[in-house]
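Notes follow once the structure below has been shown.
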Amino acid sequence: MGIEQVKSELRRFLKTADRLALCLSGKWGVGKTYTWDALLTEAFNDNTVSPPRYAYVSLFGLESLSDVRRSLFENTVEAAAFKSLEPLEATVSSVSDRLSHLASKWRAGAGLIRGIPIIADYSGLAEKAGFLDVRDQIVCFDDLERMSDTLALKDVLGLISFLKEKKRCKVVLLLNSEALKDHDAEAFQVQLEKIIDINLVFEPSPEEAALIAIPDRSTPRLQWVADHAITLGISNIRTIFKLLRITGRLEEILGGYDERILKQAVHSACLYGFALYQPKDAPPIETITEERPYANLFGDTTEKTPEQIQWSELLKKYGYRNADEFDLVVFSGIRSGFYDSIKIKRAADALVRNYALQDQDQAFSKVWDIYHNSFEDNADEFAAQLKKSIQDNAAAISPANLSASIATLKKIGHGDDLEEVIARYVDSRDEDKEFWVGDSMAPRFHVEDPDVAAAFAAKASQFGDDRKLPHVLADIVRNRGWNGGTLEFIDKHSAEDFYAMLKAARGDELRQIVYGLTYFRNIANADETMQSITAKALSAMQRIGQESSINRCRVEKFGISVQEA
């Protein structure tokens, strides 16, 4: 049943003179009470309510029919009560809040009830004398599923029938039927057909729930929350209200930051809030807060359950991949209810730097569009903008991209002042030695242009070399590769240096050194440096093997034949 159909039927119910019993059921938090309160207030303000008296009774905590009757008396108000305060705004209060205010005011200020002095047994008097006054009105019962075990369901349903038949009341029952115990649910269904005249099911779609909870979408945050709630399939307006409160607090903390920071915060917060407040309907919180940036790099061969596939598809549709440091700080605030503004801003600052690099990278790529996107004779324009972009966006330009840019400028006849362009790039990058040495295994560090390579080598030479030969050899074995300059560093050591190092080493360190020194002898296309290292390594090992019979055996187990001394 559509929400507009439900609203139309509720308005008709409020207006009709017929004494009917209506049940409005639905899942917890979908907005049953919220919608009823809004339509009731609207009807009272429009003078379209019949009869013009009302009582709201929450059955939560009530332990007997006497408690229910007394509550009916205490919470009955006339139509004027709805106009005695300023008109309610949908996002400010509810009818039940107003009635609670009026009821407390009654008890605090009343000294007489219909001329009878209040005596010590107020409870008994309110139940017996007060209940006589409950007639010709609308009665709303809420929280049936949360009433005390001492209050029997059949007695409450019997009271509803009595109010309708004998007291000329119209009765509304707001029900979360899913929360009833098994035997209560069965008994309710049996009695329902007997006493309920109109049975409405409140099942808003995510779009309808978002419209109820967020009718005003005049700011980006409000629009984002509405869009995210719809994408996640949230139809619980209480959850949406919580998301509004959470994102409102984040907006306060992140005021003044790049809008993209708040947008990420809202995006992640809506997902985390959904998982925390509706764990049965959302992906597991442990999964979505796990940092797994490379989890699917080589594909996930683990067989997934249908539920896991469902969650995976939802997260893909939502555009969520993994949690970064900023997301985890946001999640911590949502879970604890305390939003540490210092930590959030510190994480936001890191994101600002990342966004700045992204912007610079996009600006650099945009210049290359001049080159790739036409056959115009615009070399001068391209060269001028490329040189300027290298200077402006150096922090986001990799060594490989710098090298390719310089090489291209040379090819198109704009090789003038490139030494200055390269120098400015080098001076603007505050990097460690490894950046300037490069890594032959990493494409982004691959430098081919000789002028760029020379500038990088000069910069690298300014750093002291504190590498230790045993550690370098162990890294080659562990990583099955090496960085630029590594082979030259090893080769500058003599066979005597290798011999002394081998004699001093023990255990795993010894084995890693041997494997590192002999790593290049099985490489088919070994260059001169690799051949030099291998020759010196074999010389050192031969020398050790010739020292004794036991050392000969030790050396030969590494596949090295020892010549006679």
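The values are calculated or read from the model by the stated rules, or taken from the named source; none is laboratory data. Treat the numbers as computed from the prediction; the structure is a model and nothing was measured. Here the Cβ is made from the backbone with ideal geometry for all residues, glycine too, and neighbour counts use every protein chain on show. With ligands, DNA and RNA removed, areas are computed over all heavy atoms of the protein, side chains included. Shrake-Rupley method; radii C 1.70, N 1.55, O 1.52, S 1.80 Å.
Across region 527-554, the number of residues qualifying as open to solvent by less than 40 Å² (accessible area, probe 1.4 Å) and of a type in the set (A, V, I, L, M, F, W, C) comes to 6.
When A129, A152, A110 are checked against the criterion of being at pLDDT below 50 and either out of contact with any Asp or Glu (no Cβ under 7 Å at 6 or more places or on another chain) or crowded, with 16+ Cβ neighbours inside 10 Å (or both), a single residue qualifies: A110. Of note, G255 satisfies the criterion of being over 23 Å from I138 (Cβ atoms) and either assigned to a loop (DSSP other than H, G, I, E, B) or not polar (S, T, N, Q) (or both).
Rundown of residues vs (1) more than 18 Å from R521 (Cβ to Cβ); (2) at pLDDT 90 or above; (3) of a type in the set (S, T, N, Q), yes/no style:
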residue	(1), (2), (3)
R444	yes, no, no
V452	yes, yes, no
F456	yes, yes, no
H471	yes, yes, no
R478	yes, no, no
G484	yes, no, no
A495	no, yes, no
A500	yes, yes, no
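What tally of residues in region 197-240 results from selecting those that are of a type in the set (S, T, Y), in a loop (DSSP other than H, G, I, E, B) and either farther than 23 Å from G26 by Cα or open to solvent by less than 30 Å² (accessible area, probe 1.4 Å) (or both)? Count: 2. Applying the condition of being within 14 Å of L222 (Cα to Cα) and not β-branched (V, I, T) to region 265-287 and asking which residue is most open to solvent (accessible area, probe 1.4 Å) yields H267. Among residues of region 467-516 being assigned to a helix (DSSP H, G or I) and aromatic (F, W, Y), the one that is farthest from the chain's Cα centre (by Cα) is Y499. For region 339-361, a tally of residues being modelled with pLDDT of 95 or more and open to solvent by 80 Å² or more (accessible area, probe 1.4 Å) returns 4.
Scoring A383 on the criteria (1) within 30 Å of D465 (Cβ to Cβ); (2) at pLDDT 95 or above; (3) over 38 Å from the mean Cα position of the chain (by Cα); (4) buried (at least 16 other Cβ atoms within 10 Å of the Cβ) leaves a single failure, condition (1). The set of residues from region 52-82 being part of a strand (DSSP E or B) and not hydrophobic (A, V, I, L, M, F, W, C) comprises R53, Y54, Y56, S58, T76, E78.
What about A400, is it assigned to a helix (DSSP H, G or I) and either polar (S, T, N, Q) or within 30 Å of N479 (Cβ to Cβ) (or both)? Walk me through how you get there before you give the answer.
Numbers: assigned to a helix (DSSP H, G or I): yes; either polar (S, T, N, Q) or within 30 Å of N479 (Cβ to Cβ) (or both): yes.
Here the answer is yes, as A400 does meet what is asked.
Within region 13-51, take every residue that is among the charged types (D, E, K, R) and not in a loop (DSSP other than H, G, I, E, B) and give me the one that is nearest to E193 (Cα to Cα). Full working, then the answer.
To start, the set of residues in region 13-51 that are among the charged types (D, E, K, R) comprises 15, 18-19, 27, 32, 37, 42, 46.
Next, only the ones that are not in a loop (DSSP other than H, G, I, E, B) stay: 15, 32, 37, 42.
On the way: K15: 23, K32: 21, D37: 25, E42: 29 Å.
Restricting to residues being among the charged types (D, E, K, R) and not in a loop (DSSP other than H, G, I, E, B), the top hit is K32.
The residue that is surrounded by the fewest Cβ atoms within 10 Å (Cβ to Cβ), counting only those in region 1-52 that are among the aliphatic types (A, V, I, L, M) and within 13 Å of P204 (Cβ to Cβ), is M1.
State all residues of region 497-509 that are free of Cβ contacts under 8 Å to residues at least 24 places away in the same chain and either in contact with a helix residue (DSSP H, G or I) (Cβ under 7 Å, 6 or more places away or on another chain) or among the acidic types (D, E) (or both); if no residue qualifies, say none. Residue satisfying the conditions is D508 alone. Only one of the numbered conditions (1) outside any loop (DSSP other than H, G, I, E, B); (2) modelled with pLDDT of 95 or more is violated by H183, and that is (2).
Kindly check whether there is at least one residue in region 168-178 that is among the hydroxyl-bearing types (S, T, Y), under 40 Å from the mean Cα position of the chain (by Cα), buried (at least 19 other Cβ atoms within 10 Å of the Cβ) and in a helix (DSSP H, G or I). Outline the logic, then answer.
Initially, region 168-178 is screened for residues among the hydroxyl-bearing types (S, T, Y), giving 177.
Those still in the list that are under 40 Å from the mean Cα position of the chain (by Cα) too: 177.
Remaining after also requiring buried (at least 19 other Cβ atoms within 10 Å of the Cβ): none.
Among the residues of region 168-178, not one is among the hydroxyl-bearing types (S, T, Y), under 40 Å from the mean Cα position of the chain (by Cα), buried (at least 19 other Cβ atoms within 10 Å of the Cβ) and in a helix (DSSP H, G or I), which makes the answer no.
What number of residues within region 217-245 satisfy the criterion of being in contact (Cβ under 8 Å) with a residue 60 or more places away in the chain, under 23 Å from I261 (Cβ atoms) and not hydrophobic (A, V, I, L, M, F, W, C)? The number of residues fulfilling the criteria is 2. On the basis of being of a type outside the set (K, R), more than 42 Å from the chain's Cα centre (by Cα), modelled with pLDDT of 90 or more and over 16 Å from N483 (Cα atoms), does G464 make the cut? In short, no. Every listed requirement among (1) within 28 Å of V225 (Cα to Cα); (2) modelled with pLDDT under 95; (3) of a type in the set (F, W, Y) is met by F298 save one, (1).
The residue list E431, E448, E376 contains one member that is without any contact (Cβ under 8 Å) to a residue 12 or more places away in the chain, part of a loop (DSSP other than H, G, I, E, B) and either open to solvent by less than 20 Å² (accessible area, probe 1.4 Å) or closer than 30 Å to H493 by Cβ (or both), which is E431.
Here S332 clears all of (1) in contact (Cβ under 8 Å) with a residue 12 or more places away in the chain; (2) surrounded by 15 or more Cβ atoms within 10 Å (Cβ to Cβ) except the condition numbered (1).
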